[in-house]
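Peer 1: Provided herewith is a single structure, encoded as structure tokens, for subsequent inquiry.
The values are calculated or read from the model by the stated rules, or taken from the named source; none is laboratory data. Only a predicted model underlies this, so the values are computations on that prediction, with no experimental measurement involved. Cβ atoms come from the backbone with ideal geometry, glycine included; neighbour counts cover every protein chain shown. Heads up: the accessible areas ignore ligands, DNA and RNA and are worked out on the full protein's heavy atoms, side chains in. Shrake-Rupley method; radii C 1.70, N 1.55, O 1.52, S 1.80 Å.
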Amino acid sequence: MTEESEGAPRPIDRGVARRQAFMRAAREVFLEQGFEAASVNEVVRRAGGSLATLYAQFGNKAGLFAAVLQDHHEAFIEQMKPDVVDHLPLDQALGAVGEKFTRNLLSRDNLAVFRILIGEGRKFPEELQRYVRASADQVVAVVANVLAQHKVPVADHAASASLLLELLRSRHHYRALIDPSYAITDEQLSQHVANAVRIFLHGVLSAR
């Protein structure tokens, strides 16, 4: 075997490649049409392959949507994780996490996924609802971990993290959900996050 062949990247397994194609097409279809209206036949048309292969890999439409959600959520978690913040003061560490969280929360794709979850969540099978709840817990865990690392003296780091996340979500997320043209500048986002962190750490009066 030559050095070139040893160092050459291995070709992607055909089944893996087909799964990736289904995932890309499904993401497009779900974001365009929502969960209820989305057609697995349309996913197959865009991705190629067969309906039988799609069902073999994902089970049904709910399984396909769960896979798309998992992929989307894992990317969201990675995007909201800042560089190492252990050495930073608590307010700066929370600000670093908060800016990434808020920026990604307001992205077009994340807003589209959130609309689907809110608008059609009651139609999801129970196992998919459990996954959505577990995913939300993972977001909380990122912030709770920062609080724990900085030894913040509260009884429940997860509960405290949830409060900060709601301050960060606040009016900007709700306005962006109902108005596709709504946007804020980087300066406005940074100021919003700084205010939320300050209120979280010190209370409303200290923000004056």
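Peer 1: What do you reckon, how do 178, 116 stack up by accessible area (1.4 Å probe), largest on top?
Peer 2: Most to least solvent-accessible, the answer reads 178, 116.
Peer 1: Now for a different question. Under the Karplus relation 6.51 cos²θ - 1.76 cosθ + 1.60, θ = phi - 60°, what is the ordered set of whole-Hz ³J(HN,Hα) values for the range 97-107, x standing for Gly and Pro?
Peer 2: Here the 3J(HN,Hα) series is 5, x, 5, 5, 4, 5, 4, 6, 4, 8, 5 Hz.
Peer 1: Can you give me the Rg/Rh ratio for the range 13-68, using Cα atoms for both radii and the Kirkwood formula for Rh?
Peer 2: That ratio is 0.92, to two decimals.
Peer 1: Multiply the residue gap between residue 134 and residue 149 by 0.36 nm, knock off their C-alpha separation, and tell me the result in nm, one decimal place.
Peer 2: Stretched out fully, the residue 134 to residue 149 stretch lengthens by 3.2 nm.
Peer 1: Same structure, new question: Give the accessible surface of the range 26-131 per residue, rounded to a whole number of Å², with probe radius 1.4 Å and ligands, DNA and RNA excluded.
Peer 2: 51
Peer 1: If you don't mind, another one. If the only charges are +1 at each Lys and Arg Cβ and -1 at each Asp and Glu Cβ, what is the size of the charge dipole of the chain around the Cα centre, to the nearest 20 debye?
Peer 2: Roughly 620 debye for the chain.
Peer 1: Another question about this same structure. What is the angle, in °, between the Cα long axis of helix 186-202 and the longest principal axis of the Cα atoms in the chain? Nearest 10 is fine, range 0 to 90.
Peer 2: 60
Peer 1: Is the range 101-208 rounded, prolate or oblate when judged by the Cα gyration tensor, a ≥ b ≥ c being the square roots of its eigenvalues, rounded requiring a/c under 1.5 and prolate requiring a/b larger than b/c?
Peer 2: In terms of gyration-tensor shape, oblate.
Peer 1: Label residue 37 and residue 178 with points 7 Å out from Cα along Cα→Cβ: what is the distance between them in nm?
Peer 2: Between residue 37 and residue 178, the simple spin-label model gives 2.1 nm.
Peer 1: Between the range 129-199 and the range 47-104, what is the C-alpha centre distance in whole Å?
Peer 2: 15
Peer 1: Cut-off 10 angstrom, C-alpha nodes, Gaussian network model of the chain. Which of 158, 56, 194 fluctuates the most?
Peer 2: In this elastic network of the chain, the residue with the biggest mean-square fluctuation among 158, 56, 194 is 56.
Peer 1: Quick one: angle between helix 157-178 and the longest Cα principal axis of the chain, in degrees between 0 and 90, rounded to 10, please.
Peer 2: 70
Peer 1: Sticking with this one: Taking the full set of protein chains and a 1.4 angstrom probe, give the accessible area of residue 51 in square angstrom, rounded to the nearest 10.
Peer 2: 60
Peer 1: Return the FRET efficiency for the residue pair residue 170, residue 24: r is the Cβ-Cβ distance, R0 is 45 Å, and the value is rounded to the nearest 0.05.
Peer 2: 0.85
Peer 1: With the full set of protein chains in place, find how many percent of the accessible area of the chain is carbon and sulfur; take the probe as 1.4 Å.
Peer 2: Carbon-and-sulfur percentage of accessible area, whole number: 53.
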